[in-house]
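Here is the structure we will look at, set down as structure tokens.
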Amino acid sequence: MNPIKKIISLCLLSVTFLTCSIAQEKKTFEQPQLSDSSSWTMVILPDIQNYVKFQRNQPILDVMMNWIVENEDKLNIQMVMCTGDLVEHDDIINPDPKKMDQTGKQQWEAAAKAFAKLDGKIPYITATGNHDYNIFSYTHKPKTTHFPNYFYPDKNSENQKILREVTENIYGNPSLENAAYQWKSPHGKPFLYLSLEFAPRDTVLNWANKIVQQKKYQDHTVILLTHAYLNYQNEHIKTAKYDLQDANYGTAVFEKLVKPSKNIEMVFSGHIGSPNDPRKHVGFRIDKNSAGKDVSQMTFNAQALGGGTYGSGGDGWIRILEFMPDGKTVKVKTFSPWFALSSSTQDMAWRKADYDEFEIVLGDK
């Protein structure tokens, strides 16, 4: 064969091989699936404030919620939890379009509408974050919020079935800002989900202590959800810049509620973040409670990924927790339904760092 023709043939063969390899790589992308068909799944949503504050970002949140509904059966999704900061500003009426183009009312409506996709299908529990309260003058004022007007007990019939306890908010009204939900897993394991307001007051922590100590909940695995708890260095948050009296952050919540308990085994939170740095949006640590059981404490957020505070809102990142049939092992994975939509971005749909994909063992002493 002519040397030039031989070189051309080899080049064409290489291009064909490379094309086939790329095509094969694209074909190997896998949507999330259970590692055991008997497992069940909990989905953790990060702070959603930067999705709802811009009209342009709200469709990304819709994609996330639609994905949950679409995969309810495939992944046996039994619970959805959100770490709070449902809005950027509780009551703003004249937003700066460069910072947000939605009023407080529009933001609350967008958040409630997004969660409505799960209403009547899957129970969900959301914490309230600092942005959900009217505390941004940095002078002392009560933590007032419009949260109860948009997230109320009969909004989701699946929530109503498991709601057991609530206590009063700053207005003196019972509210889901502080609530307890009793639920039994498909494996028969009893759980108590406890959601507490941002920087919970002492009266709230006292109420929560009484709840977890009740005899009827003593054999339950308690999962605590609150907004500001761990920083990215895996330390309990000691304080914050808000001029709030009677406010408890991570360190105080751990010392006053988590550590003295015998059945709190998991804590979830959000709040933290740094532009385009996934590592500074997450935290994890294990401590012992008074019964000597491991308490796995996980912070997950994404609010400043995808362009910072005024970017995409978080690139659609969620956490998928697979609870294995042994009743102890929980497999944690980090996934973006938004990136998974297109073959051109599917290679970015999984985060595989050791702080994004790991296992938790419940009940270890």
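The values are calculated or read from the model by the stated rules, or taken from the named source; none is laboratory data. These numbers come from a predicted model, not from an experiment. We place every Cβ from the backbone using ideal geometry, glycine too, and count neighbours over all the protein chains shown. Accessible surface is based on the protein model in full, side chains and every heavy atom, while ligands, DNA and RNA are left aside. Shrake-Rupley method; radii C 1.70, N 1.55, O 1.52, S 1.80 Å.
Charges at C-beta only: +1 for Lys and Arg, -1 for Asp and Glu. How large is the resulting dipole of segment 200-336 about its Cα centre, in Debye rounded to 20?
300 debye
Sort segment 205-315 into rounded, prolate or oblate with this rule: let a ≥ b ≥ c be the square roots of the eigenvalues of the Cα gyration tensor; rounded if a/c is under 1.5, and if a/c is not under 1.5, prolate when a/b is larger than b/c, oblate otherwise.
Taking the square roots of the gyration eigenvalues as a ≥ b ≥ c, segment 205-315 is prolate.
Alpha carbon centre of segment 50-84 versus segment 245-281: separation in Å?
With segment 50-84 and segment 245-281 each reduced to a Cα centre, they are spaced 23 Å.
Search the structure for amide H atoms under 5 Å from the amide H of Trp40, placed 1.01 Å from N in the peptide plane, and list their residues when 5 or more places away or on another chain.
Under 5 Å from the amide H of Trp40 lie the amide H atoms of Phe323, each far enough along the sequence or on another chain.
Residues of segment 64-84 with the amide nitrogen closer than 12 Å to a label point 7 Å from the Cα of Leu34, along Cα-to-Cβ, please.
Counting backbone N atoms under 12 Å from the label point, the list is 72-78.
How far is helix 104-116 tilted, in degrees, relative to the longest principal axis of the Cα atoms in the chain, given as a value from 0 to 90 rounded to the nearest 10?
In the chain, helix 104-116 runs at an angle near 70 degrees to the longest axis.
Calculate one ³J(HN,Hα) per residue across segment 333-342 by plugging θ = phi - 60° into the Karplus curve 6.51 cos²θ - 1.76 cosθ + 1.60, and present them in order as whole Hz with x for glycine and proline.
Each residue of segment 333-342 in turn: 9, 10, 9, 10, x, 5, 5, 6, 5, 10 Hz.
Over all directions, what mean area does the Cα convex hull of segment 29-115 project, stated in square nanometres?
6.5 nm²
About its Cα centre, how strong a charge dipole does the chain have in debye, to the nearest 20, once Lys and Arg get +1 and Asp and Glu get -1 at the Cβ?
520 debye
Using 0.36 nm per residue of separation minus the Cα-Cα distance, give me the extension gain between Asp243 and Asp219 in nm, one decimal.
Roughly 4.8 nm would be gained on extension.
For the chain, what is the percent of antiparallel DSSP beta bridges, rounded to the nearest 5?
65 percent
Say the dipole of the chain comes from +1 at the beta carbon of Lys and Arg and -1 at that of Asp and Glu; which of Ile44, Ile60, His131 then lies farthest toward its positive end?
Ile44
Which whole-number value in Å² is the accessible area per residue of the chain, probe 1.4 Å?
44 Å²
Any idea how far apart Asp364 and Ser185 come out in nm if each label point goes 7 Å out from Cα toward Cβ?
Rounded to a tenth, the inter-label distance reads 1.5 nm.
Near the amide H of Asn178, under 5 Å away, which other amide H atoms are found, from residues 5 or more places off or on another chain, if H is placed in the peptide plane?
Counting only residues 5 or more places away or on other chains, the set is Thr167.
Where the accessible area of the chain is counted over protein heavy atoms with a 1.4 Å probe, how much of it, in %, is carbon and sulfur?
52 percent
Considering the alpha-carbon set of the chain alone, what are its Rg and its Dmax in angstrom?
When restricted to the Cα atoms of the chain, Rg and Dmax are 22.2, 90 Å.
If each of Gln160 and Asn206 carries a label point 7 Å out from its Cα toward its Cβ, how far apart are those two points in nm?
Placing both labels 7 Å along Cα→Cβ, they lie 3.3 nm apart.
Using a Förster distance of 22 Å, how high is the FRET efficiency between Glu235 and Asp354, based on the Cβ-Cβ distance and rounded to 0.05?
Computed FRET efficiency for Glu235 and Asp354: 0.75.
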